[in-house]
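Engineer: Have a look at the structure that comes next, please.
Here, each number is a calculation from the coordinates, and none is a lab measurement. It should be emphasised that the depicted structure is a prediction, and the values quoted were computed from it without experimental measurement. Here Cβ is always computed from backbone atoms with ideal geometry, including for glycine, and neighbour counts include all displayed protein chains.
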Amino acid sequence: MCGICGKLNFASERNVDQGLIKKMTDVLEHRGPDDEGVYIKGPVGLGHRRLKIIDLDGGKQPMFNEEGTLVVVFNGEIYNYQELRQQLLGFGHIFHSNSDTEVLLHGYEQWGVDFVKKLRGMFAFALWDETKNRMILFRDRLGIKPLYYYVDDEKVLFASEIKSIIQDKSVIKEIDYQAIDDFLSYMYIPAPKTIYKNIRKVYPGHFLIIQNGAVKD
């Protein structure tokens, strides 16, 4: 188990506050007690808490491609990553770790967003593509790994847990009473709802593309 979080401001001149990403990351410490990492560049901020399982020394996150134009934070495990790694090596990709995380970067480079269809595993991850100025949020087919997000006119925040998102004091925390009714009826809250109206779950088996101030699935 790991924890991921992040923020994207739609206005490119609005820098993400490093202190906020650190707070968002810190509240996820229980999900990843072994390591932490933060990435800040202008309007983008990503955070990660790591539970070390694969490539204990080389799997630090956030993780980058060779040019530094792709950044990923990942929670989960890709069961077929070694098979995909061999395919990507055949295409000429160069790996700098033995982690399943790095397969996500090279897979996206090779196949675009559809590479997620090749993944077998449980996962929730965010990938920032600086060249295309877009953030993509991915969640596994069964929804084993949680992924929540908040959107308003100025920004998107995401995290493995809601309490990380609400570290940003500008987040509107309005209770969704229909979600409460769902919980009392079904003993859980169906996606995309959460206890808050403006915080949503990514559907299992879906990805969201956040680009030019819009969210598309």
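Engineer: Structure shown: which of Lys7/Lys201; Lys7/Lys145; Lys60/Lys145; Lys52/Lys169; Lys145/Lys193; Lys118/Lys155 lie over 21 Å apart, alpha-carbon to alpha-carbon? Let's see the in-between values first.
Structural biologist: Details: Lys7/Lys201 16 Å; Lys7/Lys145 19 Å; Lys60/Lys145 19 Å; Lys52/Lys169 31 Å; Lys145/Lys193 16 Å; Lys118/Lys155 30 Å.
Cα-Cα > 21 Å for Lys52/Lys169; Lys118/Lys155; rest within.
Engineer: Measure of size requested: the Rg and Dmax of the range 1-114, with Cα atoms as the atom set and Å as the unit; please supply both.
Structural biologist: Spelled out, the Cα radius of gyration and Dmax of the range 1-114 are 14.6, 41 Å.
Engineer: Can you give the helix-only mean residue ellipticity at 222 nm for the chain, where every DSSP H stretch with n ≥ 4 adds -39500 (n - 2.57) and the sum goes over all residues, rounded to the nearest 500 deg cm²/dmol? List each step's numbers first, then the result.
Structural biologist: Working: 5 runs with 45 residues, N = 217.
Result for the chain, helices only: -6000 deg cm²/dmol.
Engineer: Give the residues of the range 1-21 whose amide nitrogen is closer than 20 Å to a point set 7 Å from the Cα of Leu142 in the direction of its Cβ.
Structural biologist: Within reach of a label on Leu142: 1-3.
Engineer: Cβ under 10 Å from Glu67's Cβ, Glu67 left aside: what net charge do those residues give with Lys, Arg +1 and Asp, Glu -1?
Structural biologist: Values: positive: none; negative: Glu66, Glu109, Glu130.
In short, -3.
Engineer: Quick check: net charge around Arg85, other residues with Cβ under 10 Å of its Cβ, Lys/Arg +1 and Asp/Glu -1?
Structural biologist: Values: positive: none; negative: Glu83, Asp100, Glu102.
Taking every other residue near Arg85 into account, the sum is -3.
Engineer: Please find the FRET efficiency linking Asp182 to Phe91, where r is the Cβ-Cβ separation and R0 is fixed at 45 Å, and quote it to the nearest 0.05.
Structural biologist: Numbers: r = 45 Å, r/R0 = 1.01.
About 0.50, to the nearest 0.05.
Engineer: May I pose another question? Can you tell me the Rg and Dmax of the range 112-217, counting just the alpha carbons, in angstroms?
Structural biologist: Gyration radius and largest Cα-Cα distance of the range 112-217: 14.2, 45 Å.
Engineer: Separate question: Using only C-alpha positions, report the orientation-averaged shadow area of the convex hull of the chain, nm², one decimal. Walk me through the intermediate numbers first.
Structural biologist: Values: hull surface 45.6 nm².
Computing the convex hull of the Cα atoms and averaging its projections yields 11.4 nm².
Engineer: Using just the alpha carbons, could you tell me how many Å³ per residue the convex hull of the range 26-90 encloses? Don't jump to the answer; show the numbers that get you there.
Structural biologist: On the way: hull volume 6.7 nm³, N = 65.
Normalising the Cα hull of the range 26-90 by residue number yields 104 Å³.
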